[in-house]
Amino acid sequence: MDYTEIVRDAFGYTRQGVFGNGGRWARMILALILLAIPMNGYIMRIYRGAETAPEVDPWGRLFIDGLKLMVIALVYSIPIIILWLATYGPLVAEVLSGQVEAAMASSWEPNIALMLLMYLVEFIIALVLPVVSIRFARTGRFSDAFRFKEISEHIGKIGWINYIIGIVLVAIIVAVPVMVLFTVMLILSIVLAVAMGFGFFPILGVVILVSMLFFLILSPIFMVFQARCWTRIYDSTTITAAVTE
C-alpha cells in the first residue's frame, strides 16, 4: 500500500473540496452546527467513492444519511458504554446521589481489568468502523454494517498490517495538527484574557469560545481528509487486483 500516495491524494481532495470553495466550506460548517447530522451524510458521499468533493446538498438526503450513519456508530458504541458503566458506575452513582464529598474522599479505584478491556474494545471498534461505515454507505443496507465475516474478509484482502498502519497513520496526521493548533489557541486566549485583566471565569469562557470556533471552522478540513484517506484504503483491494492482473 502506497501511504504517501494516499495522503497526497487526500490533501489534494481536501484542498479542492474545502479550501478551493469557500461557499462549500461555509455550508459544511452549517452542517456541523446542525448537530453534525448532515455533515455525516456528506461524509457518506465521500465514502461512496466521489472522485471530487461533492456539493453539500440536498439537505434532506444529508440528514437521512447522517442519521443512519450515527445510528450505526451508536450501536457499535454499546459495548464501550456498558464497559464504561461497569468501570465507573459506582463512582458516578455516588456523585449523582449527591454524595460528592464522599466520592472525592473515598479511596475508590476503577477495576483495572475492566478498564483495559474497555480500551481494547474501543481500539478494535475504532479500527473496524471505517470499513463498516464505507460498506454501509455503498450498499445502503444496515445488515451490511454488521456482517462481521465479510468485514474481516475485506480487511484481510487489504492486509491486516497494511490496514492497521494506514488507519493509525491517518489518525496521527489528523490528531497532531489539531493538538498543536488547539494548544496555540489556548495559550493565546489565556494570554489575551490575562492582558485585558479578566478573572478566572471570563478567561475560561474565552478559552471555551475560542476552542469551539476553532473546531467548528477547521473540522470540515480534517473530516474530509480522513474520509478520503479511509476510502482510498478501503479501495486499495481493487487497485491491487487491477495491478496484479
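Structure summary
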| item | result |
| --- | --- |
| Residue in region 174-211 that is farthest from Tyr3 (Cα to Cα), counting only those that are aliphatic (A, V, I, L, M) and under 16 Å from the mean Cα position of the chain (by Cα) | Met179 |
| Qualifying position, being more than 30 Å from Lys157 (Cα to Cα) and over 17 Å from the mean Cα position of the chain (by Cα), among Gly49, Gly22 | Gly22 |
| Any chance Glu94 is farther than 28 Å from Phe123 by Cα, part of a helix (DSSP H, G or I) and not polar (S, T, N, Q) | yes |
| Leu74 being over 24 Å from Val131 (Cα atoms), at pLDDT 95 or above and within 19 Å of the chain's Cα centre (by Cα) | no |
| Region 1-54, residues that are polar (S, T, N, Q) and free of Cβ contacts under 8 Å to residues at least 60 places away in the same chain | Thr4, Gln16, Asn21, Asn40, Thr52 |
| Filter result (under 17 Å from the mean Cα position of the chain (by Cα), under 28 Å from Ile64 (Cβ atoms) and either exposed (fewer than 12 other Cβ atoms within 10 Å of the Cβ) or at pLDDT below 95 (or both)) within region 127-173 | none |
| Arg48 at negative phi and either crowded, with 16+ Cβ neighbours inside 10 Å or in contact with a Lys or Arg (Cβ under 8 Å, 6 or more places away or on another chain) (or both) | yes |
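The values are calculated or read from the model by the stated rules, or taken from the named source; none is laboratory data. Treat the numbers as computed from the prediction; the structure is a model and nothing was measured. Reconstructed Cβ throughout: ideal geometry from the backbone, glycine too, with neighbour counts over all protein chains shown.
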